[in-house]
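Enquirer: Structure incoming, see below.
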Amino acid sequence: MNIGVFLDRDGTVNEEMGYINHLSRFHILPRAAEAIRLLNKNGLKVVVATNQSGPARGYFPEELIGAVNNKMIDILKEQDACLDGIYYCPHHREAIVPSYRVACDCRKPKTGLLKKAAQELAIDLSKSYVVGDRFLDIELAHNAGAKGILVLTGYGRGELMYQGNSNPIRPDFVAEDLLEAADWILQDIRKYSPQSLLYCSKPCG
């Protein structure tokens, strides 16, 4: 299986809280674990790819990103869902912390995170999907040669309302939430490449 589903984190998997500067601010969205479990069971590789510039802005140490990601993994595991990888960019071109002020290729909508995941996890980006609540995720999908899905959780509904008509890059699908996005992805694969799906009864081992 070489199809990846790349998920934005904040606003897509968990509630959009601005910067999550404490573990107590992390809350999984309804149906998000169910969506990831569905993708797991159909043999797709599920990867979180997220911009996390809080350390660059001096809001909190980078270690907190790892702690939040570990909490996400634990919550998903409790609901029999799992991620194949988590990739994040801590950089920002206007960072106040000098070590994070770099011209990186990993800050979305640049494709560095996806390319790294594709290499490490044997994913074919041309067969893959990007799901997020911002148009930059749709631009990321376009830049990587993948299909892009905008979810209306997080910033999604406002982005669609105020940028939907002016943004030249269109989502392949607009979903109410991550579960609806997962359903559409499976339908899309069955339509064009049904042999790519492999049902796994125990996807998280």
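Enquirer: Criterion first (touching a helix residue (DSSP H, G or I) at 6+ places or on another chain (Cβ under 7 Å) and among the hydroxyl-bearing types (Ser, Thr, Tyr)) does Tyr88 satisfy it? Break it down into steps so the answer makes sense when it comes.
Expert: Values: touching a helix residue (DSSP H, G or I) at 6+ places or on another chain (Cβ under 7 Å): yes; among the hydroxyl-bearing types (Ser, Thr, Tyr): yes.
Yes.
Matching residues to (1) touching a residue at least 60 places away in the same chain (Cβ under 8 Å); (2) surrounded by fewer than 18 Cβ atoms within 10 Å (Cβ to Cβ); (3) of a type outside the set (A, V, I, L, M, F, W, C):
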residue: Glu159; (1), (2), (3): no, no, yes
residue: Arg170; (1), (2), (3): no, yes, yes
residue: Leu179; (1), (2), (3): yes, no, no
residue: Gln187; (1), (2), (3): no, yes, yes
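Enquirer: With open to solvent by 40 Å² or more (accessible area, probe 1.4 Å), in contact (Cβ under 8 Å) with a residue 24 or more places away in the chain and under 20 Å from Leu186 (Cα atoms) as the only criterion, which of Arg31, Arg57 stands out?
Expert: Values: Arg57 fails: under 20 Å from Leu186 (Cα atoms).
Being open to solvent by 40 Å² or more (accessible area, probe 1.4 Å), in contact (Cβ under 8 Å) with a residue 24 or more places away in the chain and under 20 Å from Leu186 (Cα atoms) holds for just one of Arg31, Arg57, which is Arg31.
Enquirer: Among the residues of the stretch 60-82, how many are closer than 21 Å to Gly132 by Cβ, open to solvent by less than 30 Å² (accessible area, probe 1.4 Å) and hydrophobic (A, V, I, L, M, F, W, C)?
Expert: Counting residues in the stretch 60-82 that are closer than 21 Å to Gly132 by Cβ, open to solvent by less than 30 Å² (accessible area, probe 1.4 Å) and hydrophobic (A, V, I, L, M, F, W, C) gives 5.
Enquirer: Here is a follow-up. Anything in the stretch 145-171 that is under 13 Å from Val5 (Cβ atoms) and in contact with an Asp or Glu (Cβ under 8 Å, 6 or more places away or on another chain)? List them, or say none.
Expert: Let us first name the residues in the stretch 145-171 that are under 13 Å from Val5 (Cβ atoms), namely 146-149, 151.
Once the filter is applied, which keeps residues that are under 13 Å from Val5 (Cβ atoms) and in contact with an Asp or Glu (Cβ under 8 Å, 6 or more places away or on another chain), the stretch 145-171 yields Lys147, Gly148, Ile149, Val151.
Enquirer: Provide a single number: the residues in the stretch 2-28 that are surrounded by fewer than 20 Cβ atoms within 10 Å (Cβ to Cβ) and either in contact (Cβ under 8 Å) with a residue 12 or more places away in the chain or touching a helix residue (DSSP H, G or I) at 6+ places or on another chain (Cβ under 9 Å) (or both). Full working, then the answer.
Expert: Taking the stretch 2-28 as the starting set, the residues that turn out to be surrounded by fewer than 20 Cβ atoms within 10 Å (Cβ to Cβ) are 2, 15-19, 21-28.
Restricting the remaining residues to those that are either in contact (Cβ under 8 Å) with a residue 12 or more places away in the chain or touching a helix residue (DSSP H, G or I) at 6+ places or on another chain (Cβ under 9 Å) (or both) gives 2, 15-19, 21-23, 25-28.
Here the count works out to 13.
Enquirer: Look through the stretch 128-146, keep the residues that are in contact with a Phe, Trp or Tyr (Cβ under 7 Å, 6 or more places away or on another chain) and of a type in the set (Gly, Ala, Ser), and return whichever of them is least open to solvent (accessible area, probe 1.4 Å).
Expert: Ser128
Enquirer: Ala117 fails exactly one of the following numbered conditions: (1) at pLDDT 95 or above; (2) more than 18 Å from Asn40 (Cβ to Cβ); (3) among the aliphatic types (A, V, I, L, M). What is the number of that condition?
Expert: (2)
Enquirer: How many residues, within the stretch 50-78, are more than 19 Å from Ser24 (Cα to Cα) and touching a helix residue (DSSP H, G or I) at 6+ places or on another chain (Cβ under 6 Å)?
Expert: Number satisfying all stated conditions: 1.
Enquirer: Another one. Could you check the stretch 34-51 and list, in sequence order, the residues that are under 15 Å from Asp133 (Cα atoms) and open to solvent by 10 Å² or more (accessible area, probe 1.4 Å)? Steps first, please.
Expert: Within the stretch 34-51, the first condition is being under 15 Å from Asp133 (Cα atoms), and the residues that meet it are 48-51.
Selection gives Asn51 alone.
Let's see how each residue does on (1) over 21 Å from Leu178 (Cβ atoms); (2) out of contact with any Lys or Arg (no Cβ under 6 Å at 6 or more places or on another chain); (3) part of a loop (DSSP other than H, G, I, E, B):
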| residue | (1), (2), (3) |
| --- | --- |
| Met17 | no, no, yes |
| Ala33 | no, yes, no |
| Ile36 | no, yes, no |
| Val48 | no, no, no |
| Arg57 | yes, yes, yes |
| Gly66 | yes, yes, no |
| Asn70 | no, yes, no |
| Leu83 | no, yes, yes |
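Enquirer: For the stretch 148-157, indicate whether the set of residues that are over 15 Å from the mean Cα position of the chain (by Cα), open to solvent by 30 Å² or more (accessible area, probe 1.4 Å) and under 30 Å from Phe60 (Cα atoms) is non-empty.
Expert: Initially, the stretch 148-157 is screened for residues over 15 Å from the mean Cα position of the chain (by Cα), giving 157.
From what is left, the residues that are open to solvent by 30 Å² or more (accessible area, probe 1.4 Å) are 157.
Filter once more, keeping what is under 30 Å from Phe60 (Cα atoms): 157.
Checked the stretch 148-157: at least one residue is over 15 Å from the mean Cα position of the chain (by Cα), open to solvent by 30 Å² or more (accessible area, probe 1.4 Å) and under 30 Å from Phe60 (Cα atoms).
Enquirer: Name the residue that is farthest from Ala35 (Cα to Cα), counting only residues in the stretch 83-106 that are of a type in the set (A, V, I, L, M) and open to solvent by 70 Å² or more (accessible area, probe 1.4 Å).
Expert: First pass over the stretch 83-106, keeping only residues of a type in the set (A, V, I, L, M): 83, 86, 95-97, 102-103.
Right, trim to open to solvent by 70 Å² or more (accessible area, probe 1.4 Å) and you get 96, 103.
Values: Ile96: 37, Ala103: 34 Å.
Top of the filtered list is Ile96.
The values are calculated or read from the model by the stated rules, or taken from the named source; none is laboratory data. All values derive from a computational prediction rather than experimental measurement. So basically every Cβ, Gly included, is an ideal-geometry build from the backbone, and we count neighbours across all protein chains shown. When the accessible area is computed, the model is the full protein with side chains, heavy atoms only, and any ligands, DNA or RNA have been set aside. Shrake-Rupley method; radii C 1.70, N 1.55, O 1.52, S 1.80 Å.
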